[in-house]
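Trainee: Please read through the structure below; I'll follow up with questions.
The values are calculated or read from the model by the stated rules, or taken from the named source; none is laboratory data. Being a predicted model, the structure only gives us computed values, none of them experimental. FYI the Cβ positions are ideal-geometry reconstructions off the backbone, even for glycines, and counts take in every protein chain you see.
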Amino acid sequence: MTTDGTLLPVADRAGVRRATVRLVRADARAFAAALVLNALAAAAGLAGPWLVGRIIDDVRAGRGAGAVDGPALWILLASLAQLLLARWARYVGHRFGERTLARVREEYVDRVLALPASVVERAGTGDLTARGTADVATVGTTLRDVGPDLLVNSVQALFVLGAVCALDPLLGAFGLLGLTPVWLALRWYLRRARDGYLAEGAATSQVAEIVAATADGARTVESFRLRRRRIAASREALETSRRTRLHTLFLRTVFFPAVEVTYTVPVAGVLLFGGWLHARGSVGVGAVVAAALYLRQFAEPLDQILMRVEQLQSSGASFARVEGIAGAPPDDAGGGSPVPADDRIEVRGVRYAYERGGEVLRGVDLTVRPGERLAVVGPSGAGKTTLSRLLAGIDRPGAGTVTVGGVPVADLEPELLRRQVVLVTQEHHVFLGTVRDNLLIAEPGATDAGLWAALTAVGAADWVRSLPDGLGTRLGPGGERTDGSQAQQLALARVVLADPHTLILDEATALLDPTTARTTERALAAVLRGRTVIAIAHRLHTAHDADRVAVMEDGRLTELGRHEDLVRAGGAYAALWRTWHGDTGEH
């Protein structure tokens, strides 16, 4: 595995070959059938030039019209057979390509879903999107169109060259010698093409990443007046993309003209050399004409092969990027992670720093008892969200430990981890499909009664019942639209269905109005009674209702205790409470 300038790996040539062999073996019968049909079509195509040579020799020998009519009929029949066999071969090849493309897409989705969330976030959605769309589409074009065409033309080219050599070895050798310029141009191109197309793919990913990040953070860009900076970054990425595309264009403009002018060399060479041999009595005119026709016939599949080779370089680079996802670290703990002894969460001496920033957590110690409701409060940038990610096992601490039941949270296998701890943030997503589909993601075996119970728990049952088809209503483009609060309620309903022992709410009700938010939080508390709830919140009603409150400041845990005790202590939490209490006007 290598990299192409992105954080996700790219498969090397050996990896691409192994993946190709694996895909061929998965549908070996169709591939073999396509080979056989192409071979038969190519064999049928060889009859024409050979029969033309026979006609010429027979006419020169003074034979009658029968010497022309019979072979002409066979030429017609051979051409018809070649047409039918070639169409059948393309049909089989296209079916093979579509099935193989489906496997590539399914494998890609499975591999992406197996990536740890931290890997996805560091790599950026732009690279994954580019690989899953543009690169997979390029691979699909190859499997559907380029692959079958290349197979057809390769078999035809081999049969034609074989026929020339069988007709006369000297003529065949001279014809092959005339292909030397093509081989040199191809060798020059192949040495440079793969790296060029990999660079082009990486530049495309970078453009997609910058566009996606700018669109997602549009409000932040406007708020902090980052417009010019983002425009400059976009222009730089576009300029890099332009340079990589011009480089691959340069390779093509050198390769194709050099090849085009050499197609006539083998034909002209065989005619000249064959004429010389005929003058010496070494070969007949019919053999020379047949060899020239074969080599002229050879130009068409050769032209298609060289065009497809160029496309294969682009497709090979795309396939290397798609297959490279297999080399990314999987979302597992190496298999067989130990089962936690209990639900107690321990944070000891935890420090954490992001790759492009300073230290966010500075020696945090915290114990969360099973069944406890803990509120984590503090100013923006204090490290609350980072702590929630460590508690959920998304990231590993740079120093110290985060354990549940004595087992490091980040070492738990995915299925076990999500049954232990679930993190719900203010980010949410409504998947294309029905309301039922969106909920069954969390618990595929849930009944409709269970789904309604989850929706009722988070206060979403009324608006779902008002939809045209209830649980069967399609959401998203072409269906019902959901606003931010409804999407967030669906996310919380998934949590109820997942039924974890520890629930981390990182401002999970931020998009709900205050009344709905409090109703939802209380409903969740009722449903998850006896389970551990850790709420990262700015609304201090959450802290007021919690068993304990943890105050984060500048990456450190500065206060920990019951709401009433912290208010009486007169520290940072008491100041936050007085400010918030005064703003709301509630007592």
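Trainee: Give region 190-241 a look and list any residue that's farther than 25 Å from R252 by Cβ and aromatic (F, W, Y), or say none.
Mentor: Within region 190-241, just F224 meets the criteria.
Trainee: While we're on this one: Condition test on L557, is it modelled with pLDDT of 80 or more and in a strand (DSSP E or B)?
Mentor: Answer is yes for this residue.
Trainee: I've got another one for you. Return yes or no: is G175 surrounded by fewer than 21 Cβ atoms within 10 Å (Cβ to Cβ), at pLDDT below 80 and either acidic (D, E) or closer than 25 Å to P301 by Cα (or both)?
Mentor: no
Here is a yes/no grid of residues against (1) in contact with a Lys or Arg (Cβ under 6 Å, 6 or more places away or on another chain); (2) at pLDDT below 80; (3) over 27 Å from P266 (Cβ atoms):
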{"site": "T100", "(1), (2), (3)": "no, no, yes"}
{"site": "D145", "(1), (2), (3)": "no, yes, yes"}
{"site": "N153", "(1), (2), (3)": "no, yes, no"}
{"site": "F159", "(1), (2), (3)": "no, yes, no"}
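Trainee: Same structure, new question: With the requirement that a residue be part of a helix (DSSP H, G or I) and either at pLDDT 90 or above or among the small types (G, A, S) (or both), what does region 464-488 give you?
Mentor: Of everything in region 464-488, those that are part of a helix (DSSP H, G or I) and either at pLDDT 90 or above or among the small types (G, A, S) (or both) turn out to be V464, R465, G470, L471, G472, G484, S485, A487.
Trainee: Could you give every pair whose Cβ atoms fall below 6 Å, whose first residue belongs to region 129-148 and is assigned by TED's automatic domain parsing to the domain that holds S314 and more than 17 Å from T20 (Cβ to Cβ), and whose second residue is crowded, with 17+ Cβ neighbours inside 10 Å and modelled with pLDDT under 80, counting only separations of at least 6 or pairs across chains?
Mentor: Matching pairs, first to second residue: A130/S205.
Trainee: Quickly run through region 201-237 and pick out the residues that are in a helix (DSSP H, G or I), out of contact with any helix residue (DSSP H, G or I) (no Cβ under 6 Å at 6 or more places or on another chain) and surrounded by 14 or more Cβ atoms within 10 Å (Cβ to Cβ).
Mentor: A202, V211, A213
Trainee: For region 151-168, which residues satisfy the criterion of being closer than 23 Å to F31 by Cβ and either among the β-branched types (V, I, T) or touching a Ser or Thr at 6+ places or on another chain (Cβ under 9 Å) (or both)?
Mentor: V152, V155, V160, listed by residue number.
Trainee: Looking at (1) surrounded by 15 or more Cβ atoms within 10 Å (Cβ to Cβ); (2) small (G, A, S); (3) more than 15 Å from I325 (Cβ to Cβ), which is the only condition A130 fails?
Mentor: Among (1) surrounded by 15 or more Cβ atoms within 10 Å (Cβ to Cβ); (2) small (G, A, S); (3) more than 15 Å from I325 (Cβ to Cβ), the lone unmet condition for A130 is (3).
Trainee: I'd like the full set of residues that are of a type in the set (F, W, Y) and either in contact with a Phe, Trp or Tyr (Cβ under 9 Å, 6 or more places away or on another chain) or surrounded by 16 or more Cβ atoms within 10 Å (Cβ to Cβ) (or both), limited to region 257-281.
Mentor: Within region 257-281, Y263, F273 meet the criteria.
Trainee: I'd like the residue in region 379-433 that is in contact with a helix residue (DSSP H, G or I) (Cβ under 6 Å, 6 or more places away or on another chain) and assigned to a loop (DSSP other than H, G, I, E, B) and, out of all such residues, is modelled with the lowest pLDDT.
Mentor: Here the answer is H428.
Trainee: Among W74, W50, which is the only one that is modelled with pLDDT of 80 or more, assigned to a helix (DSSP H, G or I) and among the aromatic types (F, W, Y)?
Mentor: Residue meeting the stated conditions: W74.
Trainee: Can we say L439 is surrounded by 18 or more Cβ atoms within 10 Å (Cβ to Cβ) and either in a loop (DSSP other than H, G, I, E, B) or in contact (Cβ under 8 Å) with a residue 40 or more places away in the chain (or both)?
Mentor: Yes; evaluated as a whole, the condition is true for this residue.
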